[in-house]
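To start, the structure under review is shown below, and the notes come after it.
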Amino acid sequence: MTYLITGVRPLGGDPVDVRLDGETIAEIGAPGTLPVGDDRVVPGEGRILLPGLVDLHTHLREPGREDAETVATGSAAAARGGFTAVHAMANTDPVADTAGVVEQVWNLGQSIGLVDVFPVGAVTVGLGGERLAELGAMAESAAGVRVFSDDGMCVSDAVLMRRALEYVKAFDGVIAQHSQEPRLTEGSQMSEGELSGRLGLRGWPAVAEEAIIARDVLLAGHVGSRLHVCHLSTAGSVEIIRWAKSRGIDVTAEATPHHLLLTEDLAATYDPVFKVNPPLRSAADVEAVRAGLADGTIDIVGTDHAPHPVEDKECEWAAAAFGMLGLEQALAVVMETMVLPGRLDWAGVADRMSTTPARIGRRTGHGTPIEVGQPANLVLVDPRARAVVDPAASVSKSRNIPYAGRELPAPVVATFLRGRATVLDGELVGAGPGAA
Amino acid sequence: MATRVLDQSEIQRALSRIAHEILEREKGADNLVLMGIPSRGVPLAQRIAERIRTIEPGAEVPVGALDVTMFRDDLRLRPARALGHTVVPPEGIDGRTVVLVDDVLFRGRTIRAALDALAEIGRPRAVRLAVLIDRGHRELPIRADHVGKNVPTSLRESVRVRLTETDGADEVLIGQDA
Amino acid sequence: MRHLLSAADLGRDDAVLVLDTARELAAVSGRAVKKLPTLRGRTVVNLFFEDSTRTRISFEAAAKRLSADVINFSAKGSSVSKGESLKDTALTLAAMGADGVVIRHGASGAPHRLASSGWISAAVVNAGDGTHEHPTQALLDAYTMREHLAGGAGDLEGLRVTIVGDVLHSRVARSNVLLLHTLGAQVTLVAPPTLLPVGVESWPCEVSYALDDPLPGTDALMMLRVQRERMSAAYFPSEREYARRYGLDARRSGLLPQHAIVMHPGPMNRGMEITAEVADGPRSVIVEQVTNGVSIRMAVLYLLLGGAEIE
């Protein structure tokens with residue numbers, strides 16, 4: 001099957017026709033100048049072509065929590081959200097702290113074939129924060145792990161974090177830190193502030209995130225390693241990253257879609273769909289995160305897609321699990337908060353959501369330029385379509401979507417993974433669950 | 001558009017006549033208790049007690065108030081309403097003749113509730129009913145012993161009693177409901 | 001009023017209505033036949049996920065005096081998983097035809113979940129949720145203050161109330177600050193800085209770290225329970241230091257004006273936040289608070305369930 005995408009604007013530039021043949025972009029020409037032949041025509045008029053999105057931070061839950069999500073359902077959600085690659089976090093059961101588990105996840109992703117699934121390896125054994133996991137073995141495995149994270153937990157021991165940062169230099173790995181000082185956040189439920197005091201929910205103070213980031217960037221600078229900061233959420237954290245970069249420290253930072261759009265006021269409903277770690281913050285923090293993403297202080301958007309079964313969210317706040325879904329609405333939220341208000345252009349979206357995440361994960365083949373000969377990992381975007389978010393329509397196994405009932409862009413028209421359409425006309429195609 | 005059916009002096013005379021009737025019927029003021037039903041039954045009961053004092057000097061008839069809200073049978077038809085004030089005279093009501101006093105006797109349900117309310121407080125020897133206006137349309141077998149004025153009305157009409165103590169003037173009006 | 005979830009649900013007129021209604025109903029408790037027929041045929045469920053014999057009995061007495069049917073559900077120590085606990089219990093109650101649910105739960109916001117989830121259509125009364133609120137406690141506290149200090153009528157305009165203790169973890173404190181402010185009283189909170197919530201500066205009250213200062217200008221002094229376990233979480237260094245700096249003893253009681261009353265929501269830590277001498281002394285209205293609790297809860301149940309259902 002070959003595809004001809006007509007009259008499309010790559011990264012928002014001038015319209016062209018693009019032909020995909022095999023796994024690559026075969027031809028690009030002025031609109032109407034390419035012969036059609038047997039190509040399946042995909043209308044691209046009025047639409048934008050971006051490199052396939054790459055998520056550096058996803059939870060696929062398999063192995064162990066298949067009641068919430070599987071590699072198959074998570075891949076389907078990712079493809080529908082315009083992603084061609086996701087990095088699957090290691091807090092599975094068993095934890096992905098050995099070559100065996102990461103290869104299992106790698107193979108699952110390959111056989112399903114809707115997106116490239118790159119397993120993230122745990123930093124410490126069992127995420128226990130005490131002993132380094134076999135990072136080298138995971139790097140050398142078929143999964144070729146380059147990103148290591150205890151996400152869900154913080155590597156809070158300073159010595160262990162130092163060793164990890166040093167150790168991964170040997171194979172160009174990166175430690176992705178979930179920055180949360182554990183003692184300051186025992187039993188925390190929502191952001192600490194006036195609202196948490198009023199609602200009777202234990203607070204998660206901003207300093208618990210900022211103090212760890214400050215320590216880690218100094219460590220990374222000291223040992224000459226690269227560091228990635230997951231899901232930062234506060235204005236203070238953005239400032240620390242800005243400072244670190246100005247000192248030449250090799251740090252990259254990530255923000256989630258929900259931290260670009262939602263504020264802590266939603267906790268006043270006591271509806272646990274808004275319970276997440278790190279928590280939703282103040283309007284000032286949201287503004288700082290947007291500004292940081294716009295000026296590149298925050299390098300990427302990572303969804304932190306965190307599926308949870310209904311019973312873990314349909315209860316009182318304190319008993320509910322932390323986390324929100326994100327794969328299917330990530331691009332829509334970035335468009336709503338950054339593109340439509342003119343703070344980020346399409347080239348910026350491609351950079352934050354595809355090229356840079358691929359670079360951090362050391363995955364050539366994704367986030368590549370839209371040029372002849374490059375891998376055809378692409379997403380076709382309708383910049384004007386809008387819809388009310390309906391959780392029942394999600395292809396994830398879970399339903400914990402915080403945007404339910406909200407009107408957002410509905411951008412993804414088609415997704416191509418190495419020249420093969422995984423999504424057409426907004427719906428899944430062929431292989432994978434929930435396909436049309 | 002409202003018509004006045006009783007003016008101030010007519011109300012005074014009616015209350016005086018009721019006071020005389022009560023004394024005649026009960027053969028004096030001994031063992032009497034007047035219980036007004038809030039809100040307008042209370043000042044009416046006080047006025048009757050004062051008339052009795054004038055007619056038979058030395059006769060001090062205790063006056064109380066009996067709020068019947070909690071005993072109504074139509075509570076579920078409207079949002080919960082505020083309670084009126086209940087005052088049981090120190091002498092109580094056991095073995096006494098209680099004269100319930102209210103401004104308008106209509107369907108009879110308020111008085112039925114008042115009888116239940118009284119039963120929770122004690123056991124009177126007898127219960128009588130004195131009202132300023134009887135407008136007819138009884139739905140229960142209830143009748144007044146002492147009536148200020150019988151005013152036949154249609155169900156579409158409303159009867160409004162105004163008293164100086166509660167409304168600034170004495171008069172009884174009949175109006176058309178919207 | 002459809003539910004009573006927070007003291008903030010009540011405006012001034014609503015709050016005074018509750019107090020006035022309670023005053024009328026207090027007379028019932030003094031009669032030989034302590035019964036009114038008003039809630040006959042209504043079913044009130046006491047849904048207590050946290051142990052509290054005192055509060056549960058108070059609500060039970062209130063419901064029964066109004067002739068309601070009472071069902072007690074105690075889920076403390078239940079091995080039911082966290083998620084099923086609240087929702088499945090609620091669905092069972094709905095199937096039983098509960099008209100009113102009185103819920104006490106260890107998690108802040110649980111009554112809100114119950115009221116807004118659509119699992120039940122009953123009226124919900126918050127009997128204490130986590131560290132969030134305890135609105136009927138605040139109402140009975142206000143009632144007690146009104147009886148002693150405001151002639152038993154109207155609001156609490158100008159009354160000076162001092163609340164002392166673990167404000168951070170106290171749902172009683174939160175509800176009281178809100179309700180007392182609504183009723184026109186001036187509130188001062190006294191606690192060590194570690195036991196005050198972040199953002200307390202924005203609450204409608206004053207804050208003091210020293211107990212002696214506000215006492216001479218206090219009409220009602222409310223002591224809150226302080227748990228000894230807070231010591232191990234470093235909220236204060238020792239029981240002795242806490243009692244010395246923030247405990248109510250005879251000396252501090254002597255600093256209060258003549259007319260002042262001493263209150264405590266119970267249960268008390270005698271010797272910690274209050275000495276036995278003061279707890280049992282002439283200023284103390286602690287036992288009366290319990291009695292007033294029944295009248296207040298009768299008033300709340302009547303106002304929520306006694307009339308037509310409010311949409």
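The values are calculated or read from the model by the stated rules, or taken from the named source; none is laboratory data. Nothing here was measured: the structure is a model prediction, and the numbers come from that model. Methodologically, a virtual Cβ is constructed for each residue, glycine included, from the backbone with ideal geometry; neighbour enumeration extends over all protein chains shown.
In summary, B:VAL101 fulfils each of the numbered conditions (1) under 19 Å from B:ILE11 (Cβ atoms); (2) outside any strand (DSSP E or B); (3) not small (Gly, Ala, Ser) with the single exception of condition (2).
Remark: pairs (first residue in the stretch A:93-111, without any contact (Cβ under 8 Å) to a residue 60 or more places away in the chain; second residue small (Gly, Ala, Ser) and in a helix (DSSP H, G or I); Cβ separation under 6 Å; 6+ apart in sequence or on different chains) = A:VAL95/A:GLY126; A:ALA99/A:ALA137. Residues of the stretch A:308-322 include none that is touching a strand residue (DSSP E or B) at 6+ places or on another chain (Cβ under 9 Å), in contact (Cβ under 8 Å) with a residue 60 or more places away in the chain and away from chain C (no Cβ under 14 Å). For the stretch C:285-311, filtered to residues that are surrounded by fewer than 22 Cβ atoms within 10 Å (Cβ to Cβ) and among the small types (Gly, Ala, Ser), the residue that is farthest from B:ALA82 (Cα to Cα) is C:ALA308. For the stretch C:202-232, filtering for residues that are more than 13 Å from C:LEU168 (Cα to Cα) and within 14 Å of chain A (Cβ to nearest Cβ) leaves 5.
For the stretch A:350-383, a residue qualifies if it is of a type in the set (Val, Ile, Thr) and farther than 23 Å from A:ARG226 by Cα, and the qualifying residues are A:ILE370, A:VAL372, A:VAL379, A:VAL381.
Among the strands (runs of 3 or more DSSP E) confined to the stretch A:40-134, the ones with at least 3 residues that are under 24 Å from A:ASP172 (Cβ atoms) and hydrophobic (A, V, I, L, M, F, W, C) are located at A:53-58, A:83-88. Kindly check whether there is at least one residue in the stretch C:54-68 that is in contact (Cβ under 8 Å) with a residue 60 or more places away in the chain and part of a strand (DSSP E or B). Checking the stretch C:54-68: not a single residue is in contact (Cβ under 8 Å) with a residue 60 or more places away in the chain and part of a strand (DSSP E or B). Restricting attention to the stretch C:90-132, the residues that are part of a helix (DSSP H, G or I) and within 11 Å of another protein chain (Cβ to nearest Cβ) total 8.
This table checks each residue for (1) at pLDDT below 95; (2) closer than 30 Å to C:LEU305 by Cα; (3) among the basic types (Lys, Arg).
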| site | (1), (2), (3) |
| --- | --- |
| C:GLY100 | no, yes, no |
| C:GLY106 | yes, yes, no |
| C:VAL164 | no, no, no |
| C:ARG174 | no, yes, yes |
| C:ALA185 | no, yes, no |
| C:THR188 | no, no, no |
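Within the stretch C:133-152, the set of residues being surrounded by fewer than 24 Cβ atoms within 10 Å (Cβ to Cβ) and part of a loop (DSSP other than H, G, I, E, B) comprises C:ALA150, C:GLY151, C:GLY152. Residue check: C:GLY266 meets all listed conditions (1) more than 17 Å from C:PRO135 (Cα to Cα); (2) surrounded by fewer than 21 Cβ atoms within 10 Å (Cβ to Cβ) but one, namely (1).
Of note, C:ALA7 satisfies the criterion of being within 14 Å of chain A (Cβ to nearest Cβ) and at pLDDT 95 or above. Just one of the listed residues (A:VAL145, A:VAL117, A:VAL125) is more than 16 Å from the chain's Cα centre (by Cα) and farther than 18 Å from A:SER225 by Cα, and it is A:VAL125. Screening A:LEU56, A:LEU4 for residues that are hydrophobic (A, V, I, L, M, F, W, C), modelled with pLDDT of 95 or more and either touching a helix residue (DSSP H, G or I) at 6+ places or on another chain (Cβ under 7 Å) or under 27 Å from A:VAL301 (Cα atoms) (or both) leaves exactly one candidate, A:LEU56.
The numbered conditions (1) at pLDDT 90 or above; (2) within 16 Å of the chain's Cα centre (by Cα) are all true for C:ASP14 except (2). Filtering the stretch A:91-102 to residues that are closer than 13 Å to A:SER141 by Cβ and either of a type outside the set (Gly, Ala, Ser) or in contact with a Pro (Cβ under 7 Å, 6 or more places away or on another chain) (or both) leaves A:ALA96, A:ASP97, A:THR98, A:VAL101, A:VAL102.
For the stretch B:61-80, the condition holds for at least one residue, the condition being that it is away from chain C (no Cβ under 14 Å) and of a type in the set (A, V, I, L, M, F, W, C). Annotation note: Cβ proximity below 8 Å between a residue of the stretch C:281-307 that is free of Cβ contacts under 8 Å to residues at least 24 places away in the same chain and in the same structural domain as C:SER253 (by TED's automatic domain parsing) and a residue that is buried (at least 19 other Cβ atoms within 10 Å of the Cβ) and hydroxyl-bearing (Ser, Thr, Tyr) (sequence gap 6+ or interchain) occurs for no pair. Would you check which residues across the stretch B:87-113 are under 15 Å from B:VAL63 (Cβ atoms) and of a type in the set (Gly, Ala, Ser) and list them? B:GLY92 - this is the single residue of the stretch B:87-113 that is under 15 Å from B:VAL63 (Cβ atoms) and of a type in the set (Gly, Ala, Ser).
For the stretch C:140-153, the count of residues that are within 10 Å of another protein chain (Cβ to nearest Cβ) and among the small types (Gly, Ala, Ser) is zero.
If you filter the stretch C:104-123 down to residues that are among the aliphatic types (A, V, I, L, M) and under 20 Å from A:ARG198 (Cβ atoms), you find that the one that is surrounded by the fewest Cβ atoms within 10 Å (Cβ to Cβ) is C:ALA115. Of all residues in the stretch C:12-32, those that are more than 12 Å from C:VAL294 (Cβ to Cβ), of a type in the set (Gly, Ala, Ser) and more than 10 Å from every other protein chain (Cβ to nearest Cβ) total 1. Residues A:VAL349, A:VAL372: which one is among the β-branched types (Val, Ile, Thr), more than 14 Å from chain C (Cβ to nearest Cβ) and over 30 Å from A:ILE249 (Cα atoms)? Among A:VAL349, A:VAL372, only A:VAL372 is among the β-branched types (Val, Ile, Thr), more than 14 Å from chain C (Cβ to nearest Cβ) and over 30 Å from A:ILE249 (Cα atoms). Hey, can you tell me all the residues within the stretch C:156-165 that are touching a residue at least 40 places away in the same chain (Cβ under 8 Å) and surrounded by 24 or more Cβ atoms within 10 Å (Cβ to Cβ)? Across the stretch C:156-165, the qualifying residues are C:VAL161, C:THR162, C:ILE163, C:VAL164, C:GLY165.
Take the stretch A:300-315 and flag every residue that is in a loop (DSSP other than H, G, I, E, B) and more than 17 Å from A:ALA85 (Cα to Cα). Answer for the stretch A:300-315, where residues must be in a loop (DSSP other than H, G, I, E, B) and more than 17 Å from A:ALA85 (Cα to Cα): A:PRO307, A:HIS308, A:PRO309, A:LYS313, A:GLU314, A:CYS315. Restricting the search to strands (runs of 3 or more DSSP E) fully inside the stretch B:1-83 and requiring at least 2 residues that are crowded, with 19+ Cβ neighbours inside 10 Å gives B:32-36, B:63-65.
When C:LYS35 is tested against (1) within 14 Å of chain A (Cβ to nearest Cβ); (2) basic (Lys, Arg); (3) under 30 Å from B:ILE93 (Cβ atoms), exactly one condition is not met: (1).
Every residue, every condition in (1) farther than 21 Å from B:LEU23 by Cα; (2) away from chain C (no Cβ under 14 Å); (3) not in a loop (DSSP other than H, G, I, E, B), yes or no:
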{"site": "B:ALA117", "(1), (2), (3)": "yes, no, yes"}
{"site": "B:ARG123", "(1), (2), (3)": "yes, no, no"}
{"site": "B:VAL127", "(1), (2), (3)": "no, yes, yes"}
{"site": "B:ILE133", "(1), (2), (3)": "no, yes, yes"}
{"site": "B:GLY136", "(1), (2), (3)": "yes, yes, no"}
{"site": "B:GLU139", "(1), (2), (3)": "yes, yes, no"}
{"site": "B:GLY148", "(1), (2), (3)": "no, yes, yes"}
